[in-house]
1. State yes or no: is B:Phe171 among the aromatic types (Phe, Trp, Tyr) and touching a Ser or Thr at 6+ places or on another chain (Cβ under 8 Å)?
2. Modelled with pLDDT under 90 and not hydrophobic (A, V, I, L, M, F, W, C): does that describe B:Ser40?
3. If a residue has to be of a type in the set (Lys, Arg) and within 17 Å of the chain's Cα centre (by Cα) to count, how many in the range B:208-240 make the cut?
4. Name the pairs: first residue in the range B:182-194 and more than 18 Å from B:Thr167 (Cα to Cα), second residue surrounded by fewer than 15 Cβ atoms within 10 Å (Cβ to Cβ), Cβ to Cβ under 6 Å, at least 6 apart or on different chains?
5. Across the range B:283-304, what is the total count of residues that are among the hydrophobic types (A, V, I, L, M, F, W, C) and more than 10 Å from chain A (Cβ to nearest Cβ)?
6. Read through the list (1) more than 9 Å from chain B (Cβ to nearest Cβ); (2) of a type in the set (D, E, K, R); (3) surrounded by 13 or more Cβ atoms within 10 Å (Cβ to Cβ), then give the number of the only condition that A:Arg306 fails.
7. Could you please let me know if A:Val36 is over 17 Å from the mean Cα position of the chain (by Cα) and within 16 Å of ligand 5 (Cβ to nearest atom)?
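The values are calculated or read from the model by the stated rules, or taken from the named source; none is laboratory data. Predicted, not measured: the structure shown is a model, and the values here were computed from it. Glycine gets a Cβ as well: all are built from the backbone with ideal geometry, and neighbour counts include every protein chain shown.
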Amino acid sequence: MSGTAAASSPPLLEVRGLQKFFPITRGFLQRVVGHVRAVDGVDFTLAEGETLGLVGESGCGKTTASRCILRAIDPTGGSILYRTRDGRTVDLATLAPRELLPLRAEIQMIFQDPFGSLNPRMTLLDNVGEPLLVNGMGNRRERADRVAELLRLVGLRPEFMHRFPHAFSGGQRQRIGIARALATNPRLVVADEPVSALDVSIQAQVLNLLLELQARLKLTFLFVAHDLSVVRHISDRIAVMYVGQLVELARTDALFRRPQHPYTAALMRAVPAADPRVRSDDAILAGEVPSPAAPPQGCYFNPRCRHAQQRCRVEAPALREIAPGHFSRCHFAGEMEF
Amino acid sequence: MALDRPMAVASTLRPLLSVRNLRVSFALDEGLVRAVDGTSFDVMPGQVLGVVGESGCGKSVTMRAILQLVERPGRITAGEIHFRRRPPNGGDEDSAETVDIARLPPRGPVMRDIRGGEIALIPQEPMAAFSPVHTVGDQIVEAILLHGQRWQEGGRKLTRREARDITVGLFRDVGISMPEQRIDAFSWQLSGGLRQRAMIAMALSCKPRLLIADEPTTAIDVTTQAQVLALLRDLQARHGTAIIFITHDLGVIAQMASYVVVMYLGRVMEEGPVDDIFHAPRHPYTRALLRSIPSLYGETRVALPVISGALPHPFNRPPGCPFHPRCPDVMTKCPGAVPSLQPVGTSQLASCFLHHDVVDAG
Ligand SMILES: Nc1ncnc2c1ncn2[C@@H]1O[C@H](COP(=O)(O)OP(=O)(O)OP(=O)(O)O)[C@@H](O)[C@H]1O
Ligand SMILES: Nc1ncnc2c1ncn2[C@@H]1O[C@H](COP(=O)(O)OP(=O)(O)OP(=O)(O)O)[C@@H](O)[C@H]1O
Ligand code: SF4
Ligand code: SF4
Ligand SMILES: [Mg+2]
Ligand SMILES: [Mg+2]
């Protein structure tokens, strides 16, 4: 729906060749002896009102990529073109801090650990209202009104604003984190594992809330998670990441109908089916994600890939469009069932 | 007919562990937290028992009670925990002695023997389980030397060298490559998956009759999770170790357990063979829990059915059936009496007045 409708209008966000390298230093003089290529050439677009899911195993660079987009860290290379509320296109990757400041309100983040991101010594009023304060929005009275409105929006009682975070359950705290992210009326919300720490029953409530808020406020989501069933449920399109690169990008239904990369297929098989009559234990993906400081020759996935051939060990595949809007970084995509 | 026992109980097999009406409370300044409030279940020899329930429902506290590890101000206030011990000197199972763990002094010699040598725990926080100042290998070697009787032949004391060789073998068994090098690593140098495997090796070092795995895969990737689950399944098949597997992931339960216990607010709501729990759930809580998970096959971007209301605060437990404030099928009698866990059909048990009228006396 939103994915197809939005495809014709210019994207809200266009990420091109994004790179983030962390230096590896040795010895007393902190000599740089190499680089962790945590994000190494990531491209995608995000249409207004769309949800893009970003999945992959631990350490593949999801958080680093998200933090670059928020400019919480400075990218090493590439561009992050963002269409602002007033219709300008700016490159977040190179914008000076002074120019970035007014855009902070438009791009917000929801964290995995709602407790870690809330200040335990501040009431909900101050926690949820903090982004308003930081962005110089409203006086204390107006902020209190806005916080009451936000708490109602996420299904909490406004009277709660004078309580401290510890008085709330995990699911309620995640709602508080969402209220905080929405305080400044953002257009783009980056959610890094927002439901991973929650129980299934609470997870369902938070996913429903995110879907409802998105429809109501026309939000655009970049949704990072490692749980494929959750990502599938909420995303219009899904990007699969492996060792700092995208290996597959497609509409959700297409990706699940016919994954075009062996890594995506392996991730899908690893999800334990919530049905004892479906045995999901065949062909487990062995091994671990290689270090992004020393990735393997050729295709980064070749040491773990059950379809790997000689060519894969020497020649790195490029990200290719296999079908309209369906991209894969595998030599044999389109020719083989994975 | 009304007293039909479920299949597992009716069989001639005697349970390895039998928990009856267990209650554990924490006396805090703000009030009494009844973390476990009358829980009963059995574990059969060689069975994988899955325990599922939302955060705070008392899963970990129940398991700590089984090991007499409930910390102050917590206390076992009622109930029994019958455990069939290892038969002496390799004798047959009929000569095995059964003890009530709830009556044993936590720091006494019998409890120490059981804890290190017969029931092993893979704790919920693997990082906290290893000391950061000793290598993982040294910690396992110490455990083997302490409970060495499982490994030595003819009453001889094990040497350190032998204990180290056993540790290398255990590392190999749990699928750690280069075990000779890996055992000299500190826990914080290992990746999440390797640390979890080392934890399992540690638990197996005492050759347990019962392995308790408390959320062993919650903090790791799906792919690593699949590896660890395969490993546990394989160990269970090879050694016939009984496993209590705790998780709030229903997918993991479906794939691992043969029998399932569903807990809510410190009580068992329903239990039965895994296929019945997933395909013919009797208790409204089990049904609601199953509906709330997104699957790989369902419709996307639509609201998921949720359990209305929130989990009550541990200080204000609802009277009567603990699930009644959130139950879609609540009846007038539900707030007034606590339903007891009773057989329903041929293989399940449920605590719900939709299926019987038996009130819990305790
Ligand atoms: N500040 C840093 N300095 C050096 N290396 C880093 C730094 N931050 C991240 N890395 C490395 O970059 C890689 C990507 O890490 P990142 O946190 O982005 O992964 P992720 O996909 O979010 O993983 P997870 O699922 O565990 O959150 C990892 O190898 C990590 O060790
Ligand atoms: N040391 C303690 N002091 C006070 N209360 C405690 C303590 N340990 C546990 N509790 C309480 O006992 C109840 C049951 O906790 P328990 O850790 O057994 O839950 P759980 O089912 O294992 O949850 P989770 O899925 O989050 O691990 C909770 O209400 C908890 O707050
Ligand atoms: S290019 Fe080769 S190794 Fe890489 S994913 Fe495709 S088949 Fe596997
Ligand atoms: S006893 Fe009543 S309230 Fe409790 S689960 Fe059954 S129907 Fe619902
Ligand atoms: Mg991350
Ligand atoms: Mg627990």
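1. Working: among the aromatic types (Phe, Trp, Tyr): yes; touching a Ser or Thr at 6+ places or on another chain (Cβ under 8 Å): no.
Here the answer is no, as B:Phe171 does not meet what is asked.
2. Details: modelled with pLDDT under 90: no; not hydrophobic (A, V, I, L, M, F, W, C): yes.
It is false that B:Ser40 is modelled with pLDDT under 90 and not hydrophobic (A, V, I, L, M, F, W, C).
3. Here is the first cut: in the range B:208-240, the ones of a type in the set (Lys, Arg) are B:209, B:233, B:238.
Within this subset, residues satisfying the condition of being within 17 Å of the chain's Cα centre (by Cα) are B:209, B:233.
Total satisfying the criteria: 2.
4. Sorted first by the residue in the range B:182-194, then by its partner, the pairs are B:Trp188/B:Pro132.
5. Adding up the residues that qualify gives 0.
6. (3)
7. Values: over 17 Å from the mean Cα position of the chain (by Cα): yes; within 16 Å of ligand 5 (Cβ to nearest atom): yes.
It is true that A:Val36 is over 17 Å from the mean Cα position of the chain (by Cα) and within 16 Å of ligand 5 (Cβ to nearest atom).
For (1) modelled with pLDDT of 90 or more; (2) in contact with a Lys or Arg (Cβ under 9 Å, 6 or more places away or on another chain); (3) among the polar types (S, T, N, Q), each residue gets a yes or a no:
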site	(1), (2), (3)
A:Thr89	yes, yes, yes
A:Ala96	yes, no, no
A:Met122	yes, no, no
A:Met137	no, yes, no
A:Arg143	yes, no, no
A:Leu151	yes, yes, no
A:Leu156	no, yes, no
A:Ala167	no, no, no
